[in-house]
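A short worksheet on the structure shown next.
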Amino acid sequence: MSANDAVVSIRRLSKAFGGGRVTALQDISLEVARGEFVSLIGPSGCGKSTLLRIVGDIIEPTSGEVTVNGKTARRARLDRDYGIVFQSPVLYDWRTVAKNISLPLEMLGWDRARRTARIKEMVELVELESFEGHHPWQLSGGMQQRVSIARALSFEPALLLMDEPFGALDEMTRERLNLELLRIWSETGSTVVFVTHSISEAVFLSTRVVVLSARPGRIAGIVPVDLAQPRTAATREDPRFFELVTDVRERLHAGGADEVLEEATLE
Amino acid sequence: MSVMAQPIPQGTIVSRVGRRAQDWIPAVVVFGLGIAAWQWLIPDVFHVQRFLLPRFSAVMSTFWHERGTLWSAGWFTFKEAVAGFALGCSVALAIAVVLSRWKRVGGAFMPYAIAANAIPIIAFAPITNAWFGLLSPWSKIVIAAVLCFFPVLVNALRGLTSVDPESLELMRSYAASERAVYRRVRIPTSLPFVFTALKVASVLAMIGAVVGDYFGGSTRSLGVQVQSSVSLSQFETAWAAILVASILGIAFYTAIAVVERFALAWHPSTRGASE
Amino acid sequence: MSAIAVERPREPRAERVRAALGRGAVFVLVAALLWGAWEGYRWLWMHEHWTKPFLVDDISMPHLHLIARQLFEPARVNGPLLITILWHSALFTAKEAAVGFAIGASVGFVLGVVLAHFRILQRGLLPYIVASQTIPIIAIAPMVVVGLGNYNIAAWLRVAVIAAYLTFFPVTVNTLRGLQSAEPRALELMHSYAASRWAILWKLRVPSSLPYLFSAFKVSATASVVGAIIGEAPSSIPNGLGGAIINFNQYYALEPKNLWATNLVAAALGIFFFVAVVVVEKLVVRRAPEHVA
């Protein structure tokens, strides 16, 4: 993977909180190539969300280097090279769905016509066509997250950062949204860094799964996922899928995860 | 929140009015009972003397006959209240925005603003009279303004700083300027808090203006009207004037509530959720 | 390998001392700022001979330290010290306010409980309860004082009733909200125990409503002091702070510092009541106040 292809390049990154008392991440090095879908998985407290936020320049690292799109993370943030989706939709109740999606566009100074056109595209992308005029509280949790994704992609960033976006949803909705997300990913051709605590979700979605160890978070292993694209519901029943899930699970164990995260017991 | 998207239920006109009637009929009934009690129960059964509470019909007829003086006195005092309200609330909102910007400072001052809210401001009425002169409306306006200032400051500050951290992270991901964060997130989030405080302040402003009169004021004001009527044993007039003060206070409050309904159409408390 | 980094907790005592010193420093800073603002404003306005918004001289804005010193002067020739008079007035008003608070809070609470349980009463009465607060209590105070006088009730108790009038409303409104704020899951649990309405009230709703109640008590604490002062004023009751204000107001031009000192004492009384509620809240509720809308 040449440096030119790497959308995100992390070199020897460490992060400590509280004046050095708590080391969240230790010596992380990772490259994410254009068009990849990389999941970060690890036990609670392993720093995966912290890592995501460092890539997004929401938190600063203690040491090490992060480049996004060939620039510093800070420059990438100021140039709005990425979109971010959190576990909670973070939608604004006082804005309709359409206006929530157009929030970053307004801040970028797009004119009304351009915004309206883009909103229409995004709403079609996430399949919420008849809900543009609704308010967030009129939608289900899954629908709200779709709006959140539409908003993150509205300005066509090269990179999409996602922090356990489906964690608060039920299993059925989550599986459906996984398929949606993959469709969107292939349609937009963006690069995705996806944090999750679900092994099956990580394997299902990704081209590579990065396993982090328990605190202090180090890379315990990287599992390339060679399942066929495009992934479908049938992929979950592929024997190779189970092998990969087991592989990831074993690396989590080895990385010091005290509790192996069973799919069935996810909250 | 996993409410499936549904159209807001409409129903027929009749059923809508019927549902609404359930809401206001009890209040109307109580109103009727109250008037009846005032007219008959209190004077005839409890033998309450005229100088404590005259009969309803007597007060009403005086209300009608003296309506000119009463309403002009009411308007005079109402203007003082509104001016004080505008002054106090705008200064409070401005300071709240400034304090929310520098969180450390705001956090340090909050307990003092809250404690200052506990000072009986009304006790300063004689002093504002000394400053601005008994007859000047400014002495009452300042009292009303100070009464409004602290509740609005405390609540606005609370609202401006109650933004959820992920929302701020989102704004950071947009490389948003502080101004943009205020305009798009903090201020809308603070509106419910601000309106609650404005409603409280509206009543306080009116009361403050009237009470201020008791420490000395212009004969054109409502509070002085009540006092002079009492001293002349014109108790019906006194009560009619009290009624005017109350009506104006309610009107002021309702005006703010109506504005709130429009400004906060999106908020849970005004979403018309049947409770 | 479960190398979970364990943070060694800081010495609690050291942290607490630092925090307390910090708060003390802020207090001193605020006091200094207020004092500086007062004296600064005074100096500037007098120096520049500005007359807007009001004329500044020794009568309208006495020096703060002189006001403090005035406390230790006799209020009248050969009379007791000002501080003695104000102390007794404050106690008198405090008694009215405390009793008024107790009455108002109890009535407010009961009313809130009743309204929460009977929706029709809520719809019927709540608008008038709200409207009642728009009636300027100072106008009604003389009638209340005289009217209750017919029943041989002590003067201070009559003023306590007036204080109660200002106190009950926030308590009613917040009791209502608090009782209705019980978590639906918790209610379902209660129903699964076939708990009676009464049991649900005392075991679930009332404890859930404590934060709201204390929020109301903080407002009511101030309101009871205000009510007591306002109640005394038009009723010509001389013993309390309201009476002292009226009295010293008459002689303001001769000796303004007396009225200022009285105001400072009234402010202190209001703050004292407020802080008392905050302290009780810290003991009863066991979490930070100010977290309820």
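General remarks:
- Of B:177, B:173, B:139, all but one fail to be out of contact with any Pro (no Cβ under 6 Å at 6 or more places or on another chain), among the hydroxyl-bearing types (Ser, Thr, Tyr) and closer than 18 Å to residue B:91 by Cβ; the exception is B:139.
- Scan of the range C:225-239 for residues that are buried (at least 24 other Cβ atoms within 10 Å of the Cβ) and either within 9 Å of residue C:159 (Cα to Cα) or at pLDDT 80 or above (or both), ordered by number: C:225, C:226, C:227, C:228, C:229, C:230, C:231, C:232
- Residue within the range B:139-158 that is touching a residue at least 12 places away in the same chain (Cβ under 8 Å), facing another protein chain (nearest Cβ under 8 Å) and surrounded by fewer than 24 Cβ atoms within 10 Å (Cβ to Cβ) present: yes
- Among the residues of the range B:193-215, those that are within 8 Å of another protein chain (Cβ to nearest Cβ) and either among the hydrophobic types (A, V, I, L, M, F, W, C) or farther than 20 Å from residue B:251 by Cβ (or both) comprise B:193, B:203, B:206, B:207, B:210, B:211, B:214, B:215.
- Any chance residue C:165 is without any contact (Cβ under 8 Å) to a residue 40 or more places away in the chain, within 13 Å of chain B (Cβ to nearest Cβ) and of a type in the set (Phe, Trp, Tyr): no
- Qualifying positions in the range C:223-246 - in a helix (DSSP H, G or I), more than 17 Å from residue C:105 (Cβ to Cβ) and in contact with a Pro (Cβ under 7 Å, 6 or more places away or on another chain): C:229, C:245
- In the range C:217-224 there is at least one residue matching the filter, namely being among the β-branched types (Val, Ile, Thr), within 26 Å of the chain's Cα centre (by Cα), within 11 Å of chain B (Cβ to nearest Cβ) and within 24 Å of residue B:207 (Cβ to Cβ).
- Close contacts from the range C:243-257, counting a first residue that is within 11 Å of chain B (Cβ to nearest Cβ) and a second that is basic (Lys, Arg), with Cβ to Cβ under 8 Å and a gap of 6+ residues or different chains, come to none at all.
- In the range A:131-181, residue modelled with the lowest pLDDT [restricted to those that are hydroxyl-bearing (Ser, Thr, Tyr) and either in a helix (DSSP H, G or I) or under 14 Å from the mean Cα position of the chain (by Cα) (or both)]: A:173
- Within the range A:182-200, being surrounded by 24 or more Cβ atoms within 10 Å (Cβ to Cβ) and either among the small types (Gly, Ala, Ser) or not in a strand (DSSP E or B) (or both) holds for one residue alone: A:199.
- Members of the range A:78-112 found to be in contact (Cβ under 8 Å) with a residue 40 or more places away in the chain, of a type outside the set (Phe, Trp, Tyr), in contact with a strand residue (DSSP E or B) (Cβ under 8 Å, 6 or more places away or on another chain) and farther than 16 Å from residue A:142 by Cβ, listed by number: A:81, A:83, A:84, A:104
- Long-range neighbours under 8 Å by Cβ, at least six apart or interchain, first residue touching a residue at least 40 places away in the same chain (Cβ under 8 Å) within the range B:200-213, second among the hydrophobic types (A, V, I, L, M, F, W, C) and outside any helix (DSSP H, G or I): none
- Taken residue by residue, the range B:87-106 has at least one member that is within 13 Å of another protein chain (Cβ to nearest Cβ), under 20 Å from residue B:213 (Cβ atoms) and surrounded by 14 or more Cβ atoms within 10 Å (Cβ to Cβ).
- Restricted to the range B:216-238, and to residues there that are at the interface with another protein chain (Cβ under 9 Å from one of its Cβ atoms), touching a helix residue (DSSP H, G or I) at 6+ places or on another chain (Cβ under 6 Å) and in a helix (DSSP H, G or I), the residue that is farthest from residue C:246 (Cα to Cα) is B:238.
- Tally, over the range C:107-141, of residues that are over 30 Å from residue C:199 (Cβ atoms), within 7 Å of chain B (Cβ to nearest Cβ), of a type outside the set (Val, Ile, Thr) and not in a loop (DSSP other than H, G, I, E, B): 4
- Flag if residue C:220 is outside any loop (DSSP other than H, G, I, E, B), closer than 30 Å to residue C:263 by Cα and at pLDDT 90 or above: yes
- Checking each residue in the range B:161-192 for being under 29 Å from residue B:80 (Cα atoms), more than 9 Å from chain A (Cβ to nearest Cβ) and modelled with pLDDT of 90 or more picks out B:187, B:190.
- Residues that are assigned to a loop (DSSP other than H, G, I, E, B), more than 12 Å from chain B (Cβ to nearest Cβ) and over 30 Å from residue C:143 (Cα atoms) occur at least once in the range C:196-205.
- The range C:106-145, residues that are surrounded by fewer than 18 Cβ atoms within 10 Å (Cβ to Cβ) and in contact (Cβ under 8 Å) with a residue 60 or more places away in the chain: C:107, C:117
- Leading residue by the ranking (farthest from the other protein chains (Cβ to nearest Cβ)) among those in the range B:116-127 that are within 14 Å of residue C:246 (Cα to Cα) and in contact (Cβ under 8 Å) with a residue 60 or more places away in the chain: B:125
- Looking only at the range B:159-183, and only at residues there that are over 33 Å from the mean Cα position of the chain (by Cα) and outside any helix (DSSP H, G or I), the one that is surrounded by the fewest Cβ atoms within 10 Å (Cβ to Cβ): B:177
- Boolean, residue A:73 is free of Cβ contacts under 8 Å to residues at least 40 places away in the same chain and either within 14 Å of another protein chain (Cβ to nearest Cβ) or among the charged types (D, E, K, R) (or both): yes
- Against the numbered list (1) assigned to a helix (DSSP H, G or I); (2) under 30 Å from residue A:227 (Cα atoms); (3) touching an Asp or Glu at 6+ places or on another chain (Cβ under 8 Å), residue A:77 comes up short only at (2).
- Filter pass, residue C:289 being at pLDDT below 85, of a type outside the set (A, V, I, L, M) and either in a helix (DSSP H, G or I) or in contact with a strand residue (DSSP E or B) (Cβ under 9 Å, 6 or more places away or on another chain) (or both): no
- Total residues in the range B:222-233 satisfying the condition of being in contact (Cβ under 8 Å) with a residue 60 or more places away in the chain, of a type outside the set (A, V, I, L, M) and within 21 Å of residue B:64 (Cβ to Cβ): the figure is 2.
- Single condition residue B:20 does not satisfy, out of (1) within 30 Å of residue C:143 (Cα to Cα); (2) part of a helix (DSSP H, G or I); (3) modelled with pLDDT under 85: (1)
- Among residues of the range A:99-118 being small (Gly, Ala, Ser) and within 14 Å of chain B (Cβ to nearest Cβ), the one that is nearest to residue B:184 (Cα to Cα) is A:102.
The values are calculated or read from the model by the stated rules, or taken from the named source; none is laboratory data. In this text, all values refer to a predicted model and were calculated from it rather than measured experimentally. Using ideal geometry, Cβ is built from the backbone for each residue, glycine included, and neighbour counts are taken over all protein chains shown.
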